[in-house]
Amino acid sequence: MNPARPLVLLVEDDADTAALYKAMLSAEEWEVVCCQNAQAARHWWFHSDKSPQLLILDVRLPDSNGVDLCQELIGAFKNGSGPAVLMLSAHGDPRMPKLCRKAGARAFLDKLRDLDRLVDTAKQLIQEQASLVGSQT
């Protein structure tokens, strides 16, 4: 992988939504790995030799809660050295943004209202993460 080309792990169970997000992110020249459920994401995470700069996680997955998956996947990283996390949900629970941030996500977007902010938010998170990791070396 070209180091200048960010890697995004997208965990989204709806195939049409995943395809749309992948197309939007790939248009930015980013490498996007898609997983349809938490089990596939865990398998990729623990068996891949690549490290994503950004995780994009759906809150509701068929086999897990995205908030729990967020905590699990980034829990091993210390001092912000892991990837940035963007959580997505279409279920309108007003408590969800706070719960996601508490789990370690840096941003939360409503799938139904914030689609136009997906790429800009992802860019911002990748830039912030690069700055954090760069300042720790």
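The values are calculated or read from the model by the stated rules, or taken from the named source; none is laboratory data. Model, not experiment: these values are computed from the prediction. Virtual Cβ from ideal backbone geometry, glycine too; neighbours counted across all protein chains shown.
Quick rundown of the values:
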item: Residue within region 63-76 that is modelled with pLDDT of 95 or more, closer than 22 Å to residue 6 by Cα and among the acidic types (Asp, Glu) present; result: no
item: Residue pairs meeting the criteria (Cβ under 7 Å; at least 6 apart or on separate chains; first over 11 Å from residue 119 (Cα atoms), in region 20-33; second polar (S, T, N, Q)); result: 32/26
item: Residue ID - nearest to the chain's Cα centre (by Cα), chosen from residues in region 110-129 that are farther than 12 Å from residue 85 by Cβ and buried (at least 17 other Cβ atoms within 10 Å of the Cβ); result: 118
item: Filtered residue count, region 1-23, keeping only those that are closer than 20 Å to residue 129 by Cα, hydrophobic (A, V, I, L, M, F, W, C) and either assigned to a loop (DSSP other than H, G, I, E, B) or over 14 Å from the mean Cα position of the chain (by Cα) (or both); result: 2
item: Verdict on residue 134 being modelled with pLDDT under 90 and either farther than 21 Å from residue 23 by Cβ or surrounded by 15 or more Cβ atoms within 10 Å (Cβ to Cβ) (or both); result: yes
item: Scope region 98-137; condition touching a strand residue (DSSP E or B) at 6+ places or on another chain (Cβ under 7 Å), charged (D, E, K, R) and not in a helix (DSSP H, G or I); matching residues; result: 106, 110, 111
item: Count - residues of region 59-97 that are surrounded by fewer than 16 Cβ atoms within 10 Å (Cβ to Cβ) and assigned to a loop (DSSP other than H, G, I, E, B); result: 14
item: Top-ranked residue of region 34-56 - restricted to ones that are in contact (Cβ under 8 Å) with a residue 60 or more places away in the chain and either assigned to a helix (DSSP H, G or I) or among the hydrophobic types (A, V, I, L, M, F, W, C) (or both), ranked as farthest from residue 100 (Cα to Cα); result: 54
item: Whichever residue in region 57-98 is among the small types (Gly, Ala, Ser) and touching a Gly at 6+ places or on another chain (Cβ under 9 Å) and, among such residues, is farthest from residue 129 (Cα to Cα); result: 89
item: Hey, residue 66 in contact with a strand residue (DSSP E or B) (Cβ under 9 Å, 6 or more places away or on another chain) and on the phi > 0 side of the Ramachandran plot or not; result: no
item: Residue within region 26-44 that is within 21 Å of residue 126 (Cα to Cα), surrounded by fewer than 18 Cβ atoms within 10 Å (Cβ to Cβ), aromatic (Phe, Trp, Tyr) and modelled with pLDDT under 95 present; result: no
item: Top-ranked residue in region 116-128 [being free of Cβ contacts under 8 Å to residues at least 60 places away in the same chain and not polar (S, T, N, Q); ranked as farthest from residue 75 (Cα to Cα)]; result: 116
